[in-house]
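FYI, it's all coordinate maths here, none of it is from the lab. What you see is a predicted model, and the numbers here were worked out from it, not measured in a lab. As a convention, Cβ positions derive from the backbone with ideal geometry for all residues, glycine included, and neighbour counts pool all protein chains shown.
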Amino acid sequence: MRKTVLLVIFFVFYAVLVTAVLLAVRFPKDLFLTGAVMRLEQAFPGSTWSISDVSMRYPAAVVFGGVQVDHEVTGRPVPIEEVVVEIDRQHPLSGFSTRFNVLGAEVAGELRYDQQQQLLHLPAVAVQGMDLARLPGLADRLERQFEGSVTFTGTYRKSLRQQDSGTLQGTVRIENLHFPLKRPILRENSLHFAALSAQIEASGALISLSQGQATGPSYSGSFSGQVRLNRPWEESEVEVFGEFQAQPEYLSRKSHLARSFALLGKTYGEGPIPCTIRGNLTGPIFAFGRGQRP
């Protein structure tokens with residue numbers, strides 16, 4: 001009971017204090033927004049941010065409106081719907097949580113800021129339902145349309161003293177993934193997977209993939225590998241090693257596919273067929289065989 005009363009007193013005091021401060025300084029919004037944009041562009045090199053509005057939401061939240069981010073990866077500004085930043089009552093100067101919507105996805109995360117070490121840490125990041133078809137520049141730069149819904153859960157850590165992108169770790173999953181092939185594979189002109197997932201670790205210019213799994217109505221498989229980022233990003237180099245097999249029901253309906261897998265089985269043995277994918281993102285090359293890992 002005492003704790004509840006103290007908490008109520010704290011919120012009332014906080015509300016009165018914030019109101020008094022805003023009335024005293026008339027809330028220099030432009031100055032605040034300029035500082036926020038500078039901090040974002042410092043934290044994420046190569047990006048350009050704009051924020052048109054900021055307001056307080058009692059008892060302990062700041063709401064940003066009209067947020068846009070532009071980066072060489074996107075090719076054009078991406079609007080971000082209302083961004084809500086809530087202050088952690090137990091760590092009011094270093095702990096926050098945030099939520100917002102972007103490209104059809106709901107994004108939420110906790111944020112920890114170590115001012116002394118200049119360290120930014122997001123111990124729990126969750127992205128739900130990002131629409132691949134809405135990603136700016138994806139279809140234009142890769143010269144084909146991708147469809148699918150992306151989810152991600154993981155962590156992010158970055159030192160504000162270093163001009164790099166920090167380290168991202170977690171699990172990415174894409175549901176209902178569909179995309180056309182630039183070169184037919186086993187007479188297939190496109191691929192569809194009900195679900196594709198992998199563990200990822202991104203640091204600097206290298207994205208590592210592990211424990212990859214893909215399942216679909218036609219094929220299933222596993223994979224691992226890496227992507228080395230280049231500029232422009234569509235020239236990034238991909239190197240993936242995996243194995244796949246046709247679903248029995250699908251194989252029974254495709255006589256030419258059954259013959260192909262019989263021939264491949266003579267070369268690579270029974271079970272899933274090994275394969276590699278190498279090249280840049282614009283035109284990766286698929287090949288049968290295990291390949292040589294770096």
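Distance between the pseudo-spin-label points of residue 190 and residue 115 (7 Å out from Cα toward the beta carbon): 5.4 nm. Compared with the dominant principal axis of the Cα atoms in the chain, helix 29-43 is inclined by about 40°.
Report the charge-dipole magnitude of the chain in Debye, nearest 20, computed about the Cα centre from +1 at each Lys and Arg Cβ and -1 at each Asp and Glu Cβ. Walk me through the numbers before you get to the answer.
On the way: 29 positive and 27 negative charges, 85 e Å.
Rounded to the nearest 20 debye, it is 400 debye.
Computed from Cα atoms, the angle from the helix 255-268 axis to the main principal axis of the chain rounds to 90 degrees. Only helices enter this figure: runs of n ≥ 4 DSSP H residues, each worth -39500 (n - 2.57), summed and divided by the residues of the chain, yield -7000 deg cm²/dmol at 222 nm to the nearest 500. Rounded to the nearest 20 debye, the dipole magnitude of the range 66-185 is 380 debye, with +1 charges on Lys and Arg beta carbons, -1 on Asp and Glu beta carbons, and the Cα centre as origin.
If you count, for each residue, the other Cβ atoms within 10 Å and average over each peptide, how do 111-122, 145-156 line up from highest to lowest? Intermediate values should be presented prior to the final figure.
Values: 111-122: 13.8, 145-156: 16.9.
Result, highest mean first: 145-156, 111-122.
Between the range 215-282 and the range 143-199, what's the alpha-carbon centroid distance in Å? Each part's Cα centre sits 16 Å from the other's.
Going by how many other beta carbons lie within 10 Å of each one, how would you line up 31, 168, fewest first?
Values: 31 10, 168 19.
Fewest-to-most ranking of 31, 168: 31, 168.
Of all aspartates and glutamates in the structure, those lying under 19 Å Cα to Cα from residue 182, and not within fewer than 8 positions of it along the same chain, are 140, 143, 147, 234, 235, 237, 239. Take the range 135-294, drop everything but the C-alpha atoms, weight them equally and run the Debye formula without solvent; then report log10 I(q)/I(0) at 0.11, 0.20 Å⁻¹ to two decimals. The calculated log intensity ratios at q = 0.11, 0.20 Å⁻¹ are -0.50, -1.55. For the range 110-122, putting each phi into the Karplus relation 6.51 cos²θ - 1.76 cosθ + 1.60 with θ = phi - 60° gives couplings of 9, 10, 10, 10, 9, 5, 5, 8, 6, 10, 10, 9, 10 Hz, in residue order, rounded to whole numbers and with x for Gly and Pro. Taking residue 158 as the anchor, which aspartates and glutamates have their alpha carbon closer than 19 Å to its alpha carbon, excluding any fewer than eight residues away along the same chain? Those aspartates and glutamates meeting the cut-off are 41, 110, 114, 201.
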